[in-house]
1. Mean separation of Cα pairs under 8 Å and 6+ residues apart, divided by the residue count of the range 23-72: what relative contact order is that in percent?
2. Sort the range 43-170 into rounded, prolate or oblate with this rule: let a ≥ b ≥ c be the square roots of the eigenvalues of the Cα gyration tensor; rounded if a/c is under 1.5, and if a/c is not under 1.5, prolate when a/b is larger than b/c, oblate otherwise.
3. Taking a ≥ b ≥ c as the square roots of the Cα gyration tensor eigenvalues, with a/c under 1.5 meaning rounded and otherwise prolate when a/b beats b/c, else oblate, which class fits the range 228-277?
4. Take GLU84, GLU350 and order them by how many other Cβ atoms sit within 10 Å, fewest up front.
5. What is the Cα radius of gyration of the range 140-268 over 2.2 N^0.38 Å, N being its residue count?
6. Compute and list, largest first, the equivalent-ellipsoid semi-axes of the range 212-296 from the alpha carbon gyration tensor, each √(5λ) rounded to a whole angstrom.
7. Under the rule a/c < 1.5 gives rounded, and otherwise a/b versus b/c splits prolate from oblate, where does the range 1-112 land using the Cα gyration tensor?
8. Return the whole-Å distance between the Cα centroid of the range 396-426 and the Cα centroid of the range 354-388.
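Values quoted throughout were computed directly from the atomic coordinates according to the rules given, and no laboratory measurement underlies them. Values in this document were obtained by computation on a predicted structure and should not be read as measured data. Quick reminder, even Gly has a Cβ in these numbers, built from the backbone with ideal geometry, and neighbours come from all protein chains shown.
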Amino acid sequence: MNVLVIGGGGREHAVVAALAKSPLVGKIYCMKGNAGIAELAECVDVDFMNSAAVCDWVAAHKDVGYVVVTPDDPLAAGLVDALEARGVRCFGPNKAAAQIEASKSFAKQLMKKYGIPTAAYEVFDDYEKALAYVRGGKFPVVLKADGLALGKGVLICETLADAEAGLKQIMLDKAFGAAGSRVVVEEFLTGKEFTPGEEVSVLAFTDGKTIVPMIPSCDHKRALDGDRGLNTGGMGTFTPCPFYTKDIADEVMNKIMLPTVAAMNAEGRPFKGVLYFGLMRTKEGMKVVEYNSRFGDPETQVVLPMLRTDLMEIFQAVTDGRLSEVNVEWEEGACVCVVLASGGYPQHYEKGKEIAIGDLGPDAFVYHAGTARKDGKLVTAGGRVLNVCAKGRTVAEARAKAYAAAEKIQFEGKQFRTDIGIKYNAKG
Ligand code: AMP
Ligand code: GLY
């Protein structure tokens, strides 16, 4: 079967690479793709935020039997609904289910209603009321723009002055656009042994009945070593997560994953696709920091390379509601992903810098994020440029191989963190 994948970053490259290994998959198209994806798929230059244009393209390509919608924006905009209305089989939640990511206030109310552990919170549409609330509250306090904000709509405010400035930035100055018309004010969660608490991302396949967690991974959201600097889309990941024991996995399954699937069903919004649980280990146990309605980026770049089972088989089982019949298996060992970014990211950066990849050595591989071909040459085309990944028996081994490969790649302004895979692992 020929498949269309929507998106064009490192995560989509990892999805396309996994699908390319499947005997069930024929030709792969990617809308809009990038220079790395172009080696495995035919890239299609149609705006995927224009549902009608995507539906027209699919109607004109009768050979395409399945569409994988990966990014948050088209899911929130209802691309799956539009395609399914035309009889196209898809992987990804519909618009009603994607609200679990698209509206933080929806997600918080869902968790409160169904007793799913998360930080205490209040929701405000009114700036003055929000201001009065934070003036009477504790610090630090967490402010979240309600809508989608490229992973950047969260402010951790240490003082009242920070919180006042933050509320103004989100609600009045609309620093995150319309996403900030409503704000969630949240209790700051602290860790069991550390402040802040240890965090883990667990992605899970679900068909709305069965939920199958993938291997856990850890993201590094800040731009600089030691979790300093600005928040980014993610600067690197590793799997497995050393503190995520069998006991914790069981707690998460029973108190968070199964109740979330049941809650979405009870709300008349059955969720089919990948449900992403951003979790924190706190004094009171595991709590949900955020839900995403999709594969994480760059978590997917370390998780999918470890998947033994055919990804297309899993996708189809999710679509057909028979995920319980599939045995999802994983390789032993570890995988590390180091993001190579353009100089200046996440703020201003230049594009169009020539990239030299060369021979990366054993066990290392690259997923492209922001790359393009210009006059036949590979050039930078985004903030996050390449994801350099490597597998190993341990995180330390995978990390050494990934960094050796990262050093070999050259482009002007190349910037990356040097401490991916150290946190949590340092304690053994
Ligand atoms: P989010 O985009 O919701 O994942 O938030 C970004 C980051 O902010 C998370 O990875 C956490 O490190 C931090 N964070 C979010 N909410 C809280 C909270 N209630 N308490 C402490 N840290 C938080
Ligand atoms: N890595 C976090 C995300 O995909 O939102």
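1. Taking the mean separation of contacting Cα pairs over the length of the range 23-72, I get 23 percent.
2. Here the range 43-170 falls in the prolate category.
3. Judged from the Cα gyration tensor, the range 228-277 comes out oblate (a/c at least 1.5, b/c at or above a/b).
4. In order of increasing Cβ crowding within 10 Å: GLU350, GLU84.
5. Working it through for the range 140-268, the quotient is 1.22.
6. Semi-axis lengths for the range 212-296 are 25, 16, 12 Å.
7. Taking the square roots of the gyration eigenvalues as a ≥ b ≥ c, the range 1-112 is prolate.
8. For the range 396-426 versus the range 354-388, the Cα centre distance is 15 Å.
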